[in-house]
1. Tell me which residues come under 5 Å, amide H to amide H, from residue 345 once H is placed; ignore anything under 5 positions away on its chain.
2. For the chain, what percent of Cα pairs sit more than 39 Å apart?
3. In region 157-263, if every C-alpha pair distance is counted and binned at 5 Å from zero, what percent goes to each bin?
4. Take the cross-link list 222/396; 79/258; 22/49; 53/91; 53/151 and give me the ones stretching past 24 Å between alpha-carbons.
5. Can you give me the relative contact order of the chain as a percent, contacts being Cα pairs under 8 Å and 6 or more apart?
6. May I ask for the equivalent-ellipsoid semi-axes of region 38-162, computed as the square root of five times each C-alpha gyration tensor eigenvalue and listed largest first in whole Å?
7. Sort 7-16, 211-220, 257-266 by packing, meaning the average of other beta carbons within 10 Å per residue, with the highest value first.
8. Just going by the charge dipole of the chain, with Lys and Arg at +1 and Asp and Glu at -1 on Cβ, which of 348, 311, 445 is farthest out on the positive end?
Amino acid sequence: MNRKIAIIGGGPGGYVTAIRLKQKGIEPLLFEMERLGGECLNWGCIPTKALVKISDLFGEIRQAEKFGIDIKEASCDYKRISARKDEVVEKLVSGLEFICKKREIEIINKRVTRISKKGTHYILTTDGEEFEAEYIVLATGSVSAELPNLKFDGEKLLSSRHILSLKELPEHLTIIGGGTIGCEFASIFNNLGVEVEIIELLPNLMNNEDREIAKKLQLAFKKKKIKIHLGTKVEEHTVDGDELILKLSNSKEIRTDKVLISTGRVPSCQIEFENSAPKMDRGRILINNKMETDQPNIFAIGDVTGKLMLAHTASKQGLIVADIIMDRIDTQKEGEREALNYENIPRCTFTEPELASVGLTEEQAREKEIEIETGKFGYMANGKAIGLGTTDGMIKVLADKKSQKVIGMHIVGAQATELIVAGSIMVNLELKISDLQKVVYAHPTLSEIIMEAVEDLENMAIHKI
């Protein structure tokens with residue numbers, strides 16, 4: 001097949017769509033003005049996870065004495081840490097570029113500035129060139145949100161990109177925003193020995209997560225001496241030599257070396273649409289359950305849709321779009337397709353301890369007037385967790401009392417981001433409590449905490465006190 005499909009944006013939504021289309025024998029045309037991988041591989045998920053590994057390791061080394069190991073005067077060289085982070089990114093990005101080259105996917109390293117409609121096709125304009133496409137997939141991503149009185153300067157007031165470019169550790173870091181990004185960086189820099197404070201306007205850290213689980217993360221942060229200011233905002237800031245002075249709405253004042261502004265991300269699509277503009281709402285492109293915009297054969301996926309700003313969400317949307325386009329080209333029709341349920345996509349936060357969730361929170365279930373059963377089990381009663389020395393945490397499972405189906409799982413603790421796949425399977429396959437009772441869990445593993453939490457739905461957990 002020689003029909004061109006234009007994909008704008010080479011992040012985890014765009015490049016996955018391109019590869020899947022190529023696998024199906026359809027020629028994609030991928031536009032990416034920077035390097036493949038988008039925010040996730042280059043400036044987000046991957047570099048931060050490289051830092052998470054190093055910071056967790058250093059944190060363990062500093063606590064080695066409790067395992068009977070004496071390590072004197074452990075220190076970290078942040079220039080080398082940063083270099084390793086860059087090596088990890090380079091390995092993955094160059095590997096992705098090799099995959100696309102081997103598959104002969106055409107990549108245009110230019111920014112699409114305008115899209116116009118010409119009959120049943122579209123014309124995409126870059127700087128001096130025009131390309132024709134029958135279908136368009138918009139995967140243009142998002143950018144860090146700025147605050148009106150705190151604009152990024154790359155020196156003192158940092159975005160998540162800026163902070164990943166640091167070559168030396170600050171003595172004091174203030175983070176504005178207690179969501180996923182803010183909490184991850186708080187955990188990373190705290191483990192590396194930086195004094196960290198978090199300022200959050202809302203009454204809780206991780207405010208979109210299950211309240212009970214989020215509070216346990218908050219308690220863990222306090223144990224690590226991370227200072228937290230909830231229900232607070234920055235009223236003004238001034239410069240005093242090498243320091244910033246932040247005056248807070250709670251009448252406190254913070255003197256700090258660097259400020260990370262992590263108040264969320266906003267959809268970004270810097271394209272001029274000529275007679276082909278998709279409907280938008282506050283910057284996000286509106287889509288239906290097939291990722292279609294209101295313009296024929298123009299789809300949108302990933303952060304630019306504002307649905308659930310996670311790399312794996314974008315990838316899943318892209319795979320669905322590739323299948324839809326294939327059906328239309330190959331058979332001129334498409335079958336019925338179940339809508340993607342964004343509530344049932346797992347959410348992971350790589351703090352220490354980790355936080356992960358899928359499905360409804362307890363608060364959301366009650367808002368929907370669902371009568372629930374709740375099962376909980378802590379890490380401190382699990383043999384593997386005790387052996388690892390990671391007993392802070394718990395797993396919480398929610399089931400619909402009427403249908404007996406699992407509707408949510410929420411974890412705070414070691415390996416939460418790996419364990420949550422079990423909850424994702426339970427929720428997405430709509431498994432009942434009786435289904436889960438057939439599963440045998442290996443011993444000794446952290447996964448046994450899931451087993452005990454499920455058993456606790458019926459007050460039958462063996463090791464619960």
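1. 359
2. 29
3. With 5 Å bins starting at 0, P(r) equals 2, 12, 25, 26, 20, 10, 3, 1, 0.
4. Details: 222/396 22 Å; 79/258 17 Å; 22/49 30 Å; 53/91 16 Å; 53/151 30 Å.
Beyond 24 Å: 22/49; 53/151.
5. On the way: 948 pairs, mean separation 64.9, N = 465.
About 14 percent, as a whole number.
6. On the way: eigenvalues 370, 83, 26 Å².
One finds semi-axes of 43, 20, 12 Å for region 38-162.
7. Put in order of decreasing packing, that is 7-16, 257-266, 211-220.
8. 445
Each reported figure results from applying straightforward, stated rules to the coordinates on display, with no laboratory input. Computed from a prediction, not measured in an experiment: that's the story for all the values here. Methodologically, a virtual Cβ is constructed for each residue, glycine included, from the backbone with ideal geometry; neighbour enumeration extends over all protein chains shown.
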